[in-house]
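Visitor: This is the structure I have questions about; it appears just below.
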Amino acid sequence: MTRTLCLTVIALMMTACATSEPVRTPASPAAPATSAATDPHSYANTTAFATRHFELDLDVDFDRRVLSGHVVLRLDRRDAQAATLVLDTRDLDIRAVSVGTADGALTPTAFSLDARDPVLGSALRISLPPPADTVRIDYATQPQASGLQWLTPEQTTDKQHPFLFTQSQAIHARSWIPLQDTPQIRSSFEARIRAPKPLLAVMAAEMQADPARDGDYRFEMPQPIPSYLIALAVGDLRFQAMSERTAIYAEPSVVARAAAEFEDTEVMMQRSEAIYGPYRWGRYDLLILPSAFPYGGMENPRLTFATPTVIAGDKSLVSLVAHELAHSWSGNLVTNASWGDFWLNEGFTNHLTYRIMEEIFGADRGAQERALGANDLKETLARLTRDDDKTLLPDLAGRDPDDNVTDVPYERGALFLAYLEDRFGRDTFDAFLRKWFDAHAFQSVTTPQFLAFLDRELLQPNPGIVSAAQIDAWLRSPTMPADTVWPQSAAFAQVDAERSRFLGGSDTAQLAVDGWSTRQWQYFLDGMPEQLDAAQLQALDAAFDLSSGRNAAIATRWFCIVARNTYAPAYPQMEQHLKSIGRMLLIVPVYRELAKTEDGRALARRIYEEARAGYHPIAQDAIAGVLGSKDA
Ligand code: BES
Ligand code: ZN
């Protein structure tokens, strides 16, 4: 059971949750002014207006679970005649809208909110006759906002204070700010956040490193970013520097452990810069969230949001930092123009991650990460039912973009780039990628744009190496190209041998597992047959202490085996795992295994019922989908 498999599980569940209602066509009166086609996941009429800058001003109310205040959007007019601005919202209470020009006073204007689409939310239509280009919206969020998670003190690590965090990717920014919620639009911003003392508010933006906890915080993001990267968190946070430009924000009991675990972050930055060009965002800090955070990491600019489950104590899961940091080039600097181009974010980022892990921790560590990813991809391809979902060009129109969070964009995308690297040589390919980032810095890009660049910069100058037909197969064929370079790890070959010995009846004491990496343990468990008997399970657990859950990535694979084989002695620890973690990748696969039998499903429903309040709205949806209890 692997990361990507789990992502697939999530995606399939999200599919089940998605509505079959037709998706409204976005209002897009004029001819496209950009090279990108209209985004099927946004109502925003970006051919008429483009947000250039915004000012956000919000109060954080933990008692009511509401953010309230206003946003001022400063727009570029792309269509001089346009008289209506269409924005994205979901579950927002819109209180007042006023419009004007940059320097003049704002006056109230007419607006209307369309009916709610289950995937896209509600279009907000604002009368904005020329020459007006500035809009102020006074609004409040609702407690169930899909992009917010409000935690009680008990749900935090230190259990003293409440906590709030946002998760805007893919299309959840609209649940806490009315805006043009499409990665085709980039804007800078300023923000002022008021939060109850003594809590600290942080944003993915420039901020004072360790400010006075006076309840009033200011932020500025000078670089233009897409809306899915807007991020805020409020909690009892401490600050600990790791280098001049890297630090940890975390709850008091976590901050020192996190700083030790991620002390190689500065080195990762330096290696990344040496290959891909300067880091353009100033600082790179990490915010460690309470365990309810539904993802492993989120690449919010200047401030990656991360799950505490990667603090393993031995740096075994730090590739997550390499990954989120790599997004500073692939994703945050050069951004997928729509969610159908998601592989341009995640496939590139996975390639960069593996590349950096090899640089810092050696070739075989990179090979292990690649091989686990490739195995996950094979399982995912076998499981997916839509052919286009197996390609790098899925058709997401009318579907929730979270449906595309599978191994395909991540691992197939990375294998495609590894293939090109193999054909053209590492030096040539590194230089090519650096040029891609430099040439498209702070722009949103489509797959056709990448293909044109690839052709001009790599294929034509080096003729006869890779054909157009081969490229086409990488993008569009539902099967993997025959010339895929499948990763091989020497350390994994050794694991295969030991697993065979165990399955052949060897005593666990005789297995040569000393010094195995976390990735080797994952691979060991992933390769186990569907059925193991109680004696085998007992022997594994007794010898390797698998139920202790010390390493969450290993524990997840183990508890999948426990659930599949109904190994009751480990149920208490499995239940503890499910109740203490909100990261979907680590819990959804276990629920899914449990749901396969009637008894298991009953147990899973009972655990979910007790754990649900602690899960993020996105995770609640995913698990309810797996358990067939959407209305529970
Ligand atoms: N940007 C993604 C997380 C994401 C994707 C959130 C789609 C919402 C929608 C992030 O960079 C990511 O890939 N996280 C992985 C980390 C892993 C690949 C190291 C995760 O959360 O597991
Ligand atoms: Zn990513």
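Visitor: Would you say GLY582 is within 25 Å of PHE163 (Cβ to Cβ) and out of contact with any strand residue (DSSP E or B) (no Cβ under 9 Å at 6 or more places or on another chain)?
Guide: Here the answer is no, as GLY582 does not meet what is asked.
Visitor: Taking only pairs six or more apart or across chains, which ones have beta-carbon atoms under 9 Å, a first residue in the range 289-301 that is under 19 Å from GLN576 (Cβ atoms), and a second residue that is among the small types (Gly, Ala, Ser) and within 13 Å of ligand 2 (Cβ to nearest atom)?
Guide: Within 9 Å, the pairs are PHE293/ALA306.
Visitor: OK, next. What about SER175, is it farther than 24 Å from LEU237 by Cα and open to solvent by less than 10 Å² (accessible area, probe 1.4 Å)?
Guide: Against the criterion (farther than 24 Å from LEU237 by Cα and open to solvent by less than 10 Å² (accessible area, probe 1.4 Å)), SER175 qualifies.
Visitor: Tell me which residues, restricted to the range 299-313, are under 16 Å from SER330 (Cα atoms) and either away from ligand 1 (no atom under 14 Å from the Cβ) or in contact with a helix residue (DSSP H, G or I) (Cβ under 7 Å, 6 or more places away or on another chain) (or both).
Guide: GLU299, ASN300, PRO301, ARG302, THR304
Visitor: Among the residues of the range 356-366 satisfying the criterion of being open to solvent by 10 Å² or more (accessible area, probe 1.4 Å) and touching a residue at least 40 places away in the same chain (Cβ under 8 Å), which is farthest from ligand 1 (Cβ to nearest atom)?
Guide: ASP364
Visitor: Given (1) outside any helix (DSSP H, G or I); (2) open to solvent by less than 10 Å² (accessible area, probe 1.4 Å); (3) within 15 Å of ligand 1 (Cβ to nearest atom), where does ASP285 come up short, assuming only one miss?
Guide: The single condition ASP285 does not satisfy is (3).
Visitor: Okay, next question. Give the residue that is farthest from ASP621 (Cα to Cα), with candidates limited to residues of the range 380-417 that are touching a helix residue (DSSP H, G or I) at 6+ places or on another chain (Cβ under 7 Å) and away from ligand 1 (no atom under 16 Å from the Cβ).
Guide: PHE416
Visitor: Continuing with this model, one more query. Which residue out of ALA382, ALA468, ALA439 is small (Gly, Ala, Ser) and at pLDDT below 95?
Guide: It is ALA382.
Visitor: Still on this structure, I have one more. Tell me, yes or no, whether the range 382-392 has at least one residue that is within 16 Å of ligand 2 (Cβ to nearest atom) and surrounded by 23 or more Cβ atoms within 10 Å (Cβ to Cβ). Don't jump to the end; show me each part of the working.
Guide: Step one: of the range 382-392, the residues within 16 Å of ligand 2 (Cβ to nearest atom) are 392.
Adding the requirement that they be surrounded by 23 or more Cβ atoms within 10 Å (Cβ to Cβ) leaves none.
No, the conditions are met nowhere in the range 382-392.
Visitor: Suppose we filter the range 158-177 for residues that are within 13 Å of ligand 1 (Cβ to nearest atom), farther than 18 Å from THR309 by Cα and not hydrophobic (A, V, I, L, M, F, W, C); how many remain?
Guide: So the answer is 4.
Visitor: Residue by residue through the range 198-253, note down the ones that are part of a loop (DSSP other than H, G, I, E, B), hydrophobic (A, V, I, L, M, F, W, C) and open to solvent by 10 Å² or more (accessible area, probe 1.4 Å).
Guide: Residues satisfying the conditions are MET207, ALA209, ALA212.
Visitor: Does ALA418 qualify as being touching a His at 6+ places or on another chain (Cβ under 7 Å) and farther than 16 Å from ALA170 by Cα?
Guide: Yes; evaluated as a whole, the condition is true for this residue.
Visitor: Hey, can you tell me all the residues within the range 484-537 that are of a type in the set (Phe, Trp, Tyr) and open to solvent by less than 30 Å² (accessible area, probe 1.4 Å)? It would help to see each step written out before you state the result.
Guide: Of all residues in the range 484-537, those of a type in the set (Phe, Trp, Tyr) come to 486, 492, 502, 516, 521, 523-524.
PHE492, PHE502, TRP516, PHE524, listed by residue number.
Visitor: Given the criterion of a type in the set (Ser, Thr, Tyr) and open to solvent by less than 40 Å² (accessible area, probe 1.4 Å), identify the matching residue among THR84, THR109.
Guide: Just one listed residue meets the conditions, THR109.
Visitor: Would you tally the residues in the range 376-403 being in a helix (DSSP H, G or I) and either charged (D, E, K, R) or under 20 Å from ALA473 (Cα atoms) (or both)? Spell out how you get there, then give the answer.
Guide: To start, the set of residues in the range 376-403 that are in a helix (DSSP H, G or I) comprises 376-383, 387-390, 401-403.
Still in the list and also either charged (D, E, K, R) or under 20 Å from ALA473 (Cα atoms) (or both): 376-383, 387-390, 402-403.
Residues in the range 376-403 being in a helix (DSSP H, G or I) and either charged (D, E, K, R) or under 20 Å from ALA473 (Cα atoms) (or both): 14 in total.
Visitor: For ASP214, are the conditions met, namely being closer than 15 Å to LEU164 by Cβ and in contact (Cβ under 8 Å) with a residue 12 or more places away in the chain?
Guide: no
Visitor: Here are some residues: SER580, SER547. Which one is hydroxyl-bearing (Ser, Thr, Tyr) and touching a Pro at 6+ places or on another chain (Cβ under 9 Å)?
Guide: SER547
Visitor: Report whether or not LYS390 is of a type in the set (D, E, K, R) and free of Cβ contacts under 8 Å to residues at least 24 places away in the same chain.
Guide: Numbers: of a type in the set (D, E, K, R): yes; free of Cβ contacts under 8 Å to residues at least 24 places away in the same chain: no.
Judged against the criteria, LYS390 is not a match.
Visitor: Taking the range 293-306 only, how many residues are away from ligand 2 (no atom under 12 Å from the Cβ) and either open to solvent by 10 Å² or more (accessible area, probe 1.4 Å) or farther than 16 Å from LEU585 by Cα (or both)?
Guide: The number of residues fulfilling the criteria is 3.
Visitor: Looking at the range 228-246, is at least one residue within 16 Å of ligand 2 (Cβ to nearest atom), under 27 Å from GLU190 (Cβ atoms) and not aromatic (Phe, Trp, Tyr)?
Guide: For the range 228-246, residues within 16 Å of ligand 2 (Cβ to nearest atom), under 27 Å from GLU190 (Cβ atoms) and not aromatic (Phe, Trp, Tyr): present.
Visitor: Sticking with this one: Quick test of your reading of the structure: VAL466 fulfils all but one of (1) out of contact with any Phe, Trp or Tyr (no Cβ under 9 Å at 6 or more places or on another chain); (2) farther than 18 Å from GLY373 by Cα; (3) in a loop (DSSP other than H, G, I, E, B). Name the failing condition by number.
Guide: It is condition (1) that VAL466 fails.
Visitor: Could you list, in sequence order, the residues of the range 341-357 that are more than 9 Å from ligand 2 (Cβ to nearest atom) and not hydroxyl-bearing (Ser, Thr, Tyr)?
Guide: In the first step, residues of the range 341-357 are kept if they are more than 9 Å from ligand 2 (Cβ to nearest atom); the result is 341-344, 347-348, 351-352, 354-357.
Across the range 341-357, the qualifying residues are ASP341, PHE342, TRP343, LEU344, GLY347, PHE348, HIS351, LEU352, ARG355, ILE356, MET357.
Visitor: Looking at this structure, is ASN345 under 23 Å from PHE305 (Cα atoms), more than 10 Å from ligand 1 (Cβ to nearest atom) and of a type outside the set (Lys, Arg)?
Guide: No, not satisfied.
Visitor: Next up: Residues ARG116, ARG136: which one is closer than 28 Å to ALA80 by Cβ and open to solvent by 20 Å² or more (accessible area, probe 1.4 Å)?
Guide: Just a single option satisfies the conditions, and that option is ARG136.
Visitor: Quick one: ALA322 ticks every box in (1) surrounded by 24 or more Cβ atoms within 10 Å (Cβ to Cβ); (2) away from ligand 1 (no atom under 14 Å from the Cβ) bar one, so which box is it?
Guide: ALA322 satisfies every listed condition except (2).
Visitor: Related question: If only one of GLN180, GLN142, GLN155 is more than 16 Å from ligand 1 (Cβ to nearest atom), open to solvent by 10 Å² or more (accessible area, probe 1.4 Å) and closer than 24 Å to TYR228 by Cβ, which one is it?
Guide: Result: GLN142 is the single residue among GLN180, GLN142, GLN155 that is more than 16 Å from ligand 1 (Cβ to nearest atom), open to solvent by 10 Å² or more (accessible area, probe 1.4 Å) and closer than 24 Å to TYR228 by Cβ.
Visitor: Then there is this: Within the set of pairs 6+ apart or on separate chains, which have a first residue in the range 567-579 that is in contact (Cβ under 8 Å) with a residue 40 or more places away in the chain, a second that is not aliphatic (A, V, I, L, M), and C-beta atoms under 6 Å apart?
Guide: Qualifying pairs under 6 Å: none.
Visitor: Does ARG370 fit the bill of being within 14 Å of ligand 1 (Cβ to nearest atom) and open to solvent by 20 Å² or more (accessible area, probe 1.4 Å)?
Guide: Yes.
Visitor: Of everything in the range 307-340, what is in a helix (DSSP H, G or I) and within 14 Å of ligand 2 (Cβ to nearest atom)? Give them in sequence order.
Guide: Passing the criteria: VAL310, SER319, LEU320, VAL321, ALA322, HIS323, GLU324, LEU325, ALA326, TRP339.
The values are calculated or read from the model by the stated rules, or taken from the named source; none is laboratory data. What you see is a predicted model; the values in this text were computed from it and never measured. Cβ: placed from backbone, ideal geometry, glycine included. Neighbour counts: every protein chain shown. Surface areas here come from the heavy atoms of the whole protein model, side chains and all, with no ligands, DNA or RNA. Shrake-Rupley method; radii C 1.70, N 1.55, O 1.52, S 1.80 Å.
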